[in-house]
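Since every read-out is calculated from the coordinates, none of them should be taken as a lab result. Please read all numbers here as calculations on a predicted model, not as lab measurements. Quick reminder, even Gly has a Cβ in these numbers, built from the backbone with ideal geometry, and neighbours come from all protein chains shown.
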Amino acid sequence: MARRKKLYEGKAKILYEGPEPGTLVQYFKDDATAYNAEKKDVIDGKGVLNNRLSEYFMNGLNGIGVPTHFIKRINMREQLIRSVEIIPLEVVVRNVAAGSMSERLGMAEGTALPRPIIEFYLKDDALGDPLVTEEHIIAFGWAGQQDLDDMVALALRVNDFLSGVMMAVGIKLVDFKIEIGRIWDGDFQRLIVADEISPDSCRLWDTESGQKLDKDVFRRDLGNLAAAYTEVARRLGVLPSNVTHAVKPHVIN
Ligand code: UDP
């Protein structure tokens, strides 16, 4: 089969032209990067796991009426998605202090927050994705006020859904990042969840032990990243059968 036209290659995924107008094929690579790509590695099986996990979360969101770009999984590494105009902001929702917020505000990792906190980061690798305020977003036209309201509403619904799904399998959703895209339905535009939802973009801690089951395992050299992601997939019942041999699910360190 002729290879599809590559439209964009990012750090963890490639986007190809889709089979129909308005669609794209999203390919999940095994590449892992952190600290704005200063730390890099190839983790066997990561792309397969994230393809499955993102399918699982996006399907669940679609099922409760939270619109996403996900249409269907095509194979082990690819999914069919709706083409969107990505809003150039990373939307982070936090339930527990960790990572950059802990550093910035001197708050111990693991401190429960009084309510979910939403932050926006400008998608700009050259600037290292800086934190921006709603004032910046409106003034510089990265999104409008209605978009911001819609983004906050979407982010909180994703948070409620993901927190519940994770809690049911003994995992605390500490924080996560989503990207949001604009689509046009005739004259009307709508915002939908795009990109991916996977342990690459969430912080997931085992409820009992506090063990990290997310990309911090790679960022902080805490052990086997694929084993951590496999454990998340196993608990959610979405483990592809041929990945079980590639990694040892219970050996994290
Ligand atoms: N995150 C992400 N991509 C980024 C930055 C952050 O997916 O480019 C996710 C990260 O995995 C975490 C949440 O967003 O779940 C909050 O990240 P934080 O701001 O604490 O940054 P970090 O400590 O990861 O640099």
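Add +1 for every Lys or Arg and -1 for every Asp or Glu among the other residues with Cβ under 15 Å from the Cβ of ARG73, and state the total. Walk me through the numbers on the way to the answer.
Values: positive: LYS13, ARG52, LYS72, ARG77, ARG82; negative: GLU55, GLU78, GLU196.
Spelling it out: positives minus negatives among the neighbours equals +2.
Counting other beta carbons within 10 Å of each Cβ, put LYS29, LYS40 in order, fewest first.
LYS40, LYS29
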- Query: Extent of the range 48-172 along each principal axis, from alpha carbon coordinates, in Å, largest to smallest?
  - Reply: 41, 37, 28
- Can you grab the distance from the C-alpha centre of the range 48-94 to the C-alpha centre of the range 210-242, Å, no decimals? 19 Å
- Rounded to the nearest 20 Debye, what is the dipole magnitude of the chain about its Cα centre when Lys and Arg each give +1 and Asp and Glu each give -1 at the C-beta? 880 debye
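Kirkwood hydrodynamic radius for the chain: how many Å is it when counted over pairs of different Cα atoms? Display every interim value, and only then the final one.
Numbers: mean 1/r = 0.0534 Å⁻¹.
The answer is 18.7 Å.
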- Note on the structure: Extension length gain for THR111 and ASN75 (0.36 nm per residue less Cα distance), in nm, is 9.0 nm
- Task: Taking 7 Å along the Cα-to-C-beta vector as the label spot, tell me the GLU38-ARG157 distance in nanometres, rounded to one decimal.
- Result: 3.8 nm
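Please report ASP200, ASP206, ASP160 as a ranked list, fewest other C-beta atoms within 10 angstrom at the top and most at the bottom. Walk me through the numbers on the way to the answer.
Numbers: ASP200 24, ASP206 18, ASP160 15.
Arranged by neighbour count, lowest to highest, ASP200, ASP206, ASP160 become ASP160, ASP206, ASP200.
Within the chain, what is the longest stretch that has no GluC sites (Glu not before Pro) placed in a DSSP loop and near at most 16 other beta-carbon atoms within 10 Å?
On the way: sites that count: GLU38, GLU109, GLU208.
Longest stretch, sites excluded: 110-207.
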- If the cut-off is a Cα-Cα distance under 15 Å, which aspartates and glutamates reach LYS13, setting aside same-chain residues fewer than 8 apart in sequence? ASP30, ASP31, ASP41, ASP44, GLU55, GLU78, GLU179, ASP195, GLU196, ASP200
- Counting other C-beta atoms within 10 Å, which of TRP142, TRP184, TRP205 has the fewest, and how do the rest follow? TRP184, TRP142, TRP205
- Task: Return the whole-Å distance between the Cα centroid of the range 173-190 and the Cα centroid of the range 22-47.
- Result: 21 Å
